[in-house]
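Colleague: Here it is, the structure in full.
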Amino acid sequence: MGLKKCFGCGKKLPANKMWSPPATTRASCLQDQCMDALKNHVLQQKEKQDQAKKRERHNILKLRVQKRSDLYGKLQALVNQYCKHILYAGCPCYTCGKKQKASDSPASFHAGHCFPAKQSDPRRFNPSNIRMQCFSCNTANSGRPDVFKAKLAEEIGQYGFDWLAQETNHKPLKEVFPSHDDIRAEIARYRKVI
């Protein structure tokens, strides 16, 4: 007959002189403090498992009730980060030409949109519609749309600008992202890039 190590005191005893609660491979000798230590350990393990199951259930429910607008907000933030930190990193302000400095705070330059980033407008996620703008131009001066549009038309050509300007050229967001999972996939794609 094999020997088993007591969970509480560490003594090795034959298996028939040990106590083992159900659903565990651990055992303890028949001393009260050793049995109590094993019982407490088993209860703590069960509590951890229950909490993990609760967290998992909560996360699943949270995903189910997530609104499109919340997901679009996350996607917008990632698209803006992509344009600001990868596509146009280090570029001056598109509308006034102010140069970025290393001492600038992260909030001093924004991802500005030529055509406003309305909630249902698919152009809000189009990098062709986004350029780097300083805080003054983007926020204080409402994006300086006249200058922005003139420079963008010059940069991408009048035909490209007209295509971007025409809202009917762009599929509605519900067609671009038919389900919540499609939006989450796009979010994951941008997270990999950033």
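Colleague: What do you get when you divide the Cα radius of gyration of region 9-157 by 2.2 N^0.38 Å, with N the number of residues?
Modeller: The value comes to 2.05.
Colleague: Follow-up question, since we're still on this one. With every protein chain kept in place and ligands, DNA and RNA left out, what is the accessible area per residue of the chain? Probe 1.4 Å, answer in Å².
Modeller: It amounts to 65 Å² per residue over the chain.
Colleague: Now, a different point. Sorted by accessible area with a 1.4 angstrom probe, largest first, how do V147, V65 fall?
Modeller: From most exposed to least exposed: V65, V147.
Colleague: Still on this structure: Using only helices, what value at 222 nm comes out for the chain when you add -39,500 (n - 2.57) per DSSP H run of length 4 or more and divide by the total residues, to the nearest 500 deg cm²/dmol?
Modeller: -15500 deg cm²/dmol
Colleague: From largest accessible area down, sort D36, D121; use a 1.4 Å probe on the protein chains.
Modeller: Solvent-accessible surface, decreasing: D36, D121.
Colleague: Mind listing which trypsin sites (Lys or Arg not before Pro) in region 84-172 are in a DSSP loop and have 10 or fewer other Cβ atoms within 10 Å?
Modeller: Listed in order of number, the matching sites are K99, K101.
Colleague: Still on this structure, I have one more. If you bin every alpha carbon distance in region 71-194 into 5 Å steps from zero, what whole percent lands in each bin?
Modeller: Calculated over all Cα pairs of region 71-194, the distribution is 2, 11, 20, 22, 21, 14, 8, 2, 0 percent.
Colleague: Right, next: Can you give the FRET efficiency to the nearest 0.05 for N59 and D104, using r as the Cβ-Cβ distance and R₀ = 22 Å?
Modeller: 0.05
Colleague: If you roll a 1.4 Å probe over region 76-169 with all protein chains in place, what percent of the accessible area is carbon or sulfur? Could you put the intermediate results ahead of the total?
Modeller: Details: 2760 of 5070 Å².
Roughly 54 percent, rounded to a whole number.
Colleague: Here's another thing I want to ask about it. Return the FRET efficiency for the residue pair R68, C91: r is the Cβ-Cβ distance, R0 is 25 Å, and the value is rounded to the nearest 0.05.
Modeller: 0.20
Colleague: Would you kindly state how much longer the chain becomes between C9 and S128 on full extension, computed as 0.36 nm times their sequence separation minus their alpha carbon distance, in nm to one decimal? Walk me through the numbers on the way to the answer.
Modeller: On the way: separation 119, 0.36 × 119 = 42.84 nm, distance 6.94 nm.
My answer for the length gained is 35.9 nm.
The values are calculated or read from the model by the stated rules, or taken from the named source; none is laboratory data. All figures in this text were calculated on a predicted structure; none of them were measured in a lab. Glycine gets a Cβ as well: all are built from the backbone with ideal geometry, and neighbour counts include every protein chain shown. In case anyone asks, the SASA skips ligands and DNA or RNA and just uses the protein heavy atoms, side chains included. Shrake-Rupley method; radii C 1.70, N 1.55, O 1.52, S 1.80 Å.
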